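Take a look at the structure set out below.
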Amino acid sequence: MQITDFLGLLHPAIAVIFVFPLIGTVVNFAWQTRQRRLQLLAGNKSKIPPVVGVEHKQLGERLTSAVVALTLIGLSYPIGKNIITNQLWNKTPFQVIFILLLFAATIASLVFLFRAKQRLWRAVFATLAGAGLVILGCQDGVYRRTNEWYWSHYYIGMTAALLMIFSLAIVQDIYQDKSNRWRIIHTILNCIALLLFIGQGMTGTRDLLEIPLSWQESYIYQCDFANKTCPMPNPK
């Protein structure tokens, strides 16, 4: 394996080591928080400590940061590889500068989203962060598998990341809304996100099997993937 192959493993390695265990912890605290709330509404004394709600919120915020960061890392590898392979800094330097600024703007928007208190600014920064991810995902080099969008690691992951950003943006509304409308929306969207994360585990594993090592690319990409055939090696 060459250095480019190790860089390609950063995204799945971080997902396995950090993000997926964090997802399990957040789901566990979410379940305990809901059970405690239901027990109190029923007039019973809950054995679940009140701190689970605070910890669920804190870990949820960390999960959102981790998912967005993981998405940016996953996008930076193919985008950077495309820039280096095609020497875009010589051909289209403004495009390279735009991409770098877009990465910085997306990170900054997420940071400001954490700090924003008013609903308007939370909506603005959430929109900017989400738009940054989508625009970066449209750059050359990103493998989107559009012909199978319903089974695409890119589309599933991008949807999950956008749901996490939206969930972060409505956290304050959840605590202020007495009708529990935002809480219900939060629960439904995060249940969908959980299913998407499960899909990410499956599609990510599949893509790791399909992506060749750097020295294998020139041979693998000669194959006919539709008919599942590869050219025979030249006899010596």
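The values are calculated or read from the model by the stated rules, or taken from the named source; none is laboratory data. Because the structure is predicted, anything quoted here is derived from the model rather than measured. Neighbour counts run over all protein chains shown; Cβ positions are idealised from the backbone, glycine included. Just so you know, the surface numbers come from the protein's heavy atoms only, side chains and all, with ligands and any DNA or RNA stripped out. Shrake-Rupley method; radii C 1.70, N 1.55, O 1.52, S 1.80 Å.
The table for this structure:
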read-out	value
Residues satisfying the stated conditions in segment 13-59, i.e. small (Gly, Ala, Ser) and closer than 21 Å to Tyr175 by Cα	Ala30, Ala42, Gly43, Ser46, Gly53
Tabulated pairs, segment 14-39, first over 19 Å from Val54 (Cα atoms) and without any contact (Cβ under 8 Å) to a residue 60 or more places away in the chain, second open to solvent by less than 40 Å² (accessible area, probe 1.4 Å) and not charged (D, E, K, R), C-beta under 7 angstrom, 6+ apart or interchain	Ile14/Leu70; Phe18/Ala66; Val19/Ala66; Val19/Val67; Val19/Leu70
Residue match in segment 161-179 (condition: over 17 Å from Ile73 (Cα atoms), out of contact with any helix residue (DSSP H, G or I) (no Cβ under 7 Å at 6 or more places or on another chain) and among the β-branched types (Val, Ile, Thr))	no
Matching residues, segment 134-165, being among the small types (Gly, Ala, Ser) and closer than 17 Å to Gly199 by Cα	Ser152, Gly157, Ala160, Ala161
Whichever residue in segment 28-53 is of a type in the set (Val, Ile, Thr) and more than 15 Å from Arg183 (Cα to Cα) and, among such residues, is farthest from the chain's Cα centre (by Cα)	Ile48
Residue among Leu136, Leu128, Leu168, Leu102 that is in contact (Cβ under 8 Å) with a residue 60 or more places away in the chain, surrounded by 16 or more Cβ atoms within 10 Å (Cβ to Cβ), under 17 Å from the mean Cα position of the chain (by Cα) and farther than 25 Å from Gly24 by Cα	Leu136
